[in-house]
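Peer 1: Before I ask anything, let me first share the structure, which is written out below as structure tokens.
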Amino acid sequence: MKMNSGVKGKHRRIKRRSMFKEVMVQLSRNKLAMIGLVIFAAMLVVCLLAPLIAPFGFDDQDVSRKFISPNLTYLCGTDNLGRDIFSRLLYGGRISLMVGVLAAGFGAIIGTVLGAIAGYYGGKIDNVIMRIMDIMGSMPSMLLAITICAVLGNGITNALIAVGISEIPGYARIVRAPILQVKEKEYVEAAISIDASVPRIVFKHVLPNALSPLIVRVTMGVASAITTVASLSFLGLGVQPPTPEWGSMLSAGRAYILQYPYMITFPGICIAILVLSLNFLGDGLRDALDPRLKA
């Protein structure tokens, strides 16, 4: 019996590795997805190593060196307070990535739980949860995040909560749809017949069927969250000075857009490249995880 269980466990591990390898092979065939993955990984590493790479502190001020155009010493120039923009971009990227990932993760966890409950139980529970999701989803996510930030106040934590809440309806719908289809399958009925607990049925037998679209949605959700956080900071509702964040850097540089356009050019380029790389990666993951799109 022990040998049989060991062999089965070995087969499971081999199967899991082979499935992961198959997805990676499919992903590697998509050039745009690999470009997106490389760019995202590079930006992530550079931002995480900001204390080692940045030539100056993100809040080192020297008014004698303000508005210096990009050169070999100040790669992206300096701002109105004499702070090195390149250093602030590196530190600001850490904030943008952290808030984007945490907000997407927060929305994914809450949305997954609500979508799983609604899809599995159905009936009145489904109607109540999904009507709440419809009300939240009827508002543009940016407007919903602004409303929540206006209620909770400014700051990184409140911006994270606001963006996370605005992402919940999308995840709930993505999880609910496959659960409605899967819960009537024979293996789910078999699990119910042996008195398996509801959490075990949902998380072991039902929810894995929603993982593929959920992974893609999380990747896209990080890009969306980064854009929303940058927009909130641009409006003064997100990350507050002197903490650097790409959106707040855009807001600070808009007063000097005509005289010193480099102050908004570099933060804007960073946001665009990061979001575009995540979208490329999300498209590639969608193609790799969808069996209907495999050759």
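Here, each number is a calculation from the coordinates, and none is a lab measurement. Quick caveat, the model's predicted, so the values are computed rather than measured. Here the Cβ is made from the backbone with ideal geometry for all residues, glycine too, and neighbour counts use every protein chain on show.
Peer 1: Cα centroids of the stretch 226-295 and the stretch 19-62: how far apart, whole angstrom?
Peer 2: Measuring centre to centre over Cα atoms gives 14 Å.
Peer 1: How much net charge surrounds Lys66 when only the other residues with a Cβ under 15 Å from the Cβ of Lys66 are counted, with Lys and Arg +1 and Asp and Glu -1? Don't skip to the answer; put the middle values down first.
Peer 2: Values: positive: Arg65, Arg83, Arg88; negative: Asp59, Asp60, Asp62, Asp79, Asp84.
Spelling it out: positives minus negatives among the neighbours equals -2.
Peer 1: Still on this structure: Multiplying the sequence separation of Ile53 and Arg29 by 0.36 nm and subtracting their Cα-Cα distance, what value in nm do you get?
Peer 2: Details: separation 24, 0.36 × 24 = 8.64 nm, distance 3.28 nm.
Gain on extension, Ile53 to Arg29, equals 5.4 nm.
Peer 1: Also: Do the alpha carbons of any pairs in Lys124/Lys183; Lys31/Lys183; Lys124/Lys185; Lys124/Lys204 sit beyond 27 Å of each other, and which pairs? Write down the numbers at each step before the final one.
Peer 2: Working: Lys124/Lys183 17 Å; Lys31/Lys183 37 Å; Lys124/Lys185 22 Å; Lys124/Lys204 24 Å.
Distance filter (> 27 Å) returns Lys31/Lys183.
Peer 1: What does the charge count near Leu180 come to, summing +1 for each Lys or Arg and -1 for each Asp or Glu among other residues with Cβ under 14 Å from its Cβ?
Peer 2: Working: positive: Arg173, Arg176, Lys183, Lys185; negative: Asp126, Glu184.
So the surrounding residues net to +2.
Peer 1: Right, another one. Test of understanding: what is the full-extension gain from Ser197 to Tyr256, defined as 0.36 nm times their sequence separation minus their Cα-Cα distance? Spell out each step's value before the answer.
Peer 2: Details: separation 59, 0.36 × 59 = 21.24 nm, distance 6.12 nm.
Once the chain is fully extended between Ser197 and Tyr256, it gains 15.1 nm.
Peer 1: In addition: Just order 170-177, 152-159, 273-280 by mean Cβ neighbour count inside 10 Å, highest at the front, would you? If you can, show how the numbers build up before the last one.
Peer 2: Values: 170-177: 22.5, 152-159: 16.8, 273-280: 20.4.
The most tightly packed comes first, giving 170-177, 273-280, 152-159.
Peer 1: Let me ask something else about it. Please identify, among Pro169, Pro267, Pro213, the residue showing maximal mean-square fluctuation in a Gaussian network model of the chain using a 10 angstrom Cα cutoff.
Peer 2: Pro213
Peer 1: What order do you get for 68-74, 226-232, 118-124 when each peptide is scored by the mean count of other beta carbon atoms within 10 Å, highest first? Please report the intermediate quantities before stating the final value.
Peer 2: Details: 68-74: 12.6, 226-232: 25.4, 118-124: 16.6.
The peptides rank, most packed first, as 226-232, 118-124, 68-74.
Peer 1: Based on DSSP H runs of at least 4 residues, each adding -39500 (n - 2.57), what is the mean residue ellipticity at 222 nm of the chain after dividing by all its residues, to the nearest 500 deg cm²/dmol?
Peer 2: -24000 deg cm²/dmol
Peer 1: Between (1) 0.98; (2) 1.07; (3) 0.95, which entry matches Rg/Rh (Cα atoms, Kirkwood Rh) as derived from the coordinates of this structure?
Peer 2: Among (1) 0.98; (2) 1.07; (3) 0.95, the one calculated here is (2).
Peer 1: Further question: By its C-alpha gyration tensor, with a ≥ b ≥ c as the square roots of the eigenvalues, how is the stretch 87-146 shaped: rounded for a/c under 1.5, else prolate for a/b larger than b/c, else oblate? Intermediate results must be reported in sequence, preceding the final value.
Peer 2: On the way: a/c = 7.18, a/b = 2.27, b/c = 3.16.
Because a/c hits 1.5 or more and a/b fails to exceed b/c, the stretch 87-146 counts as oblate.
Peer 1: Also: Which of the aspartates and glutamates could be linked to Lys21 by a straight reach, that is with a Cα gap under 17 Å, when you skip same-chain ones fewer than 8 residues away?
Peer 2: Within the straight-line cut-off, Lys21 pairs with Asp287, Asp290.
Peer 1: Now a separate question. Compute the relative contact order of the chain as a whole-number percentage, counting only Cα pairs closer than 8 Å that sit 6 or more residues apart in sequence. Please list the in-between numbers first.
Peer 2: Values: 421 pairs, mean separation 73.5, N = 295.
The normalised contact order for the chain reaches 25 percent.
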